[in-house]
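> Can you keep this structure in mind? I'll have questions shortly.
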Amino acid sequence: MTLKSIARLALVLVLSATVISACGRKGDLDRPGVTSSNAAGTDGKKQPVEDRPFLLDPLL
């Protein structure tokens, strides 16, 4: 293998890992050092979130 083919393979692997790791649903953002019950800033009651289907859900 030449250096060019090794570099191309490494680039493909890095891009693939980046794309695969970006899959998923976005969750609540928690501040560091704050428990999830205190993060909302209310009595711990959160508004219900509508679960909308995503294009890739059948594949997962």
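> If we sort 48-58, 11-21 on the protection proxy, mean other Cβ atoms within 10 Å, highest first, what's the order?
Working: 48-58: 7.5, 11-21: 9.5.
Listed from highest to lowest mean packing, they are 11-21, 48-58.
> Here's something else I'd like to know. On full extension of the chain, what length is gained from Leu60 through Gln47, given 0.36 nm per residue of separation minus the C-alpha to C-alpha distance?
My answer for the length gained is 2.0 nm.
Just so you know, all these numbers are worked out from the coordinates, no wet-lab data involved. Just so you know, these numbers come straight off a predicted model, no measurement behind them. Because the Cβ atoms are built from the backbone with ideal geometry, glycine has one as well, and the counts that use them run over all protein chains shown.
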